1. For region 242-272, give me each residue that is closer than 26 Å to Asn199 by Cβ and not small (Gly, Ala, Ser).
2. Could you check region 149-162 and list, in sequence order, the residues that are charged (D, E, K, R) and within 17 Å of Ala232 (Cβ to Cβ)?
3. Quick check on region 242-253: of everything there that is part of a loop (DSSP other than H, G, I, E, B) and at pLDDT below 95, which residue is surrounded by the fewest Cβ atoms within 10 Å (Cβ to Cβ)?
4. For residues in region 21-37 being exposed (fewer than 10 other Cβ atoms within 10 Å of the Cβ) and at pLDDT below 85, which is farthest from Leu105 (Cα to Cα)?
5. Here are Ser231, Ser306, Ser322, Ser239: which of them is modelled with pLDDT under 80 and within 30 Å of His197 (Cα to Cα)?
6. Just for region 281-295: of the residues that are under 20 Å from Tyr252 (Cα atoms) and more than 28 Å from the chain's Cα centre (by Cα), which one is modelled with the highest pLDDT?
7. Tell me yes or no: at least one residue of region 23-32 is part of a loop (DSSP other than H, G, I, E, B) and polar (S, T, N, Q).
8. Here is a list: Leu40, Leu50, Leu85, Leu77. Which entry is of a type in the set (A, V, I, L, M, F, W, C), loosely packed, with under 14 Cβ neighbours inside 10 Å, assigned by TED's automatic domain parsing to the domain that holds Gly122 and out of contact with any His (no Cβ under 7 Å at 6 or more places or on another chain)?
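The values are calculated or read from the model by the stated rules, or taken from the named source; none is laboratory data. Remember, it's a predicted structure, so these values are computed and weren't measured experimentally. Cβ placement follows ideal geometry from the backbone for every residue including glycine, while neighbour counts extend to all protein chains displayed.
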Amino acid sequence: MNKHLKRIAALLFCLMLCISSAFGEDCFTIDVDTLDLDQLNSDDYVAAALSASTQGVRIRKQISQSSETACAVRLTLTQMDTRTLLFDKNYGYQSGVFDSGVIYLPYVSESTVPYLVTLYAGDYVYAMPFMHLQRRMEANGACTTGVRLRDLDPAQSSDWLMGTMVDLNALRHTGSLTTDVCASNRSIIGAATIALHGNELSVDLHFSSQANVSLTDASLYVITDDNVLASASPHALNSRVDVSGAERALIYLPMEVSYDPSGLPAFRYDQTVSQSQQQLWKDAHRSSAESAPSFAPADDWADGWSSGWDDPQDDGWSDGWSSGW
C-alpha cells in the first residue's frame, strides 16, 4: 500500500511541476530587487524590462532575510489609460521573499495597456510601470494594399486580401512606386516597392522593425492585360517578371507572416483608391477585348447571334455580365 501511495505522490508532484511550468510560460515576473529604479521613466528601459504580452504578471520582492522579521504587504494594479483599479490585495505580514502569485490581466486586442504596479512593504513603497503588450500574431495573412480581389471579381475571392493595380505606362516614367503591406486586415507591417527595370517588374518588401515580422510564405502574381487571376502562375518573391507590351498589371502578393501588433499603424480600407484601381482593371480588360480579333458570323445564323446578345429584354448574359462589373 505504501508503494502505491508513493507512486501516486510522485505522479502528483510531477503533475504540479508541469502545471507550474505551464503557468510560468504565460506569466511575466517582475523582480523588484533586480530593477533599476532610476530608469523607470525611460521608455527604452520599460520596453526592455517591464513589457510583456503574457496572460498574467507576478511580483517578487525580498522582504527580509529571516522569517523572524516581517512587515505588512499590500499590492495594487491600476490601469493607467482608464484610471481603473483592477487589483488591490493585502497579503498580511510577510517575511523572506514575497511572491504575489499570478495576477491575470484582461486581454485588450487593439492596443498596449499601461499599468501602474504599486507594492507597499512596511514603510516602503515601490511603484513601477508595466506595459501589457498585444499577443504576437502567428501565421496570419498579409498582402500589398490596393483593391480587394472580391471587388474586381467576386468569383476569385470572398476574402479581404488585396492586390495592387499598376499603370505600367506611368511606372515607366517614374521608375517605381511604394504601397503599404497590410497584415490580418488590421495592421500596416511595412511597405512594398514596385519597380520597372526596362521591361522587367520587381517587388521588394521592407518590413517595420517594430513589427518584428517573420515571413513564412509568399507568392508573387503579376496579371497583365491579357491574363486572368485564376490561370496565373506564381513567381518567386525576388524574381523579375517580363511585362513587355503590357499597359497595366495587377500585383497580387499573398503572404503568411507572424508579427508583433503593438503600436503598429492601423489599416483602413480606402474606397477612393479601390475605385480608381477598379477602373484600371476595367480599362485593362476593355483594352484586351478591343485588341481581340473580330469575328463575322455567317448570314444564316447572324440573327440568332445578334438577338442573344443585344436584346434589351434579355435577362441572361447581358444583365449578368453588366452586374458582375
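1. Matches in region 242-272: Asp242, Val243, Glu247, Arg248, Leu250, Ile251, Tyr252, Leu253, Pro254, Met255.
2. Arg150, Asp153, Asp159
3. Ser244
4. Within region 21-37, the match that is farthest from Leu105 (Cα to Cα) is Ser21.
5. The unique qualifying residue is Ser231.
6. The qualifying residue modelled with the highest pLDDT is Lys282.
7. The answer is no, given that none of the residues of region 23-32 is part of a loop (DSSP other than H, G, I, E, B) and polar (S, T, N, Q).
8. Matching residue, one of Leu40, Leu50, Leu85, Leu77: Leu85.
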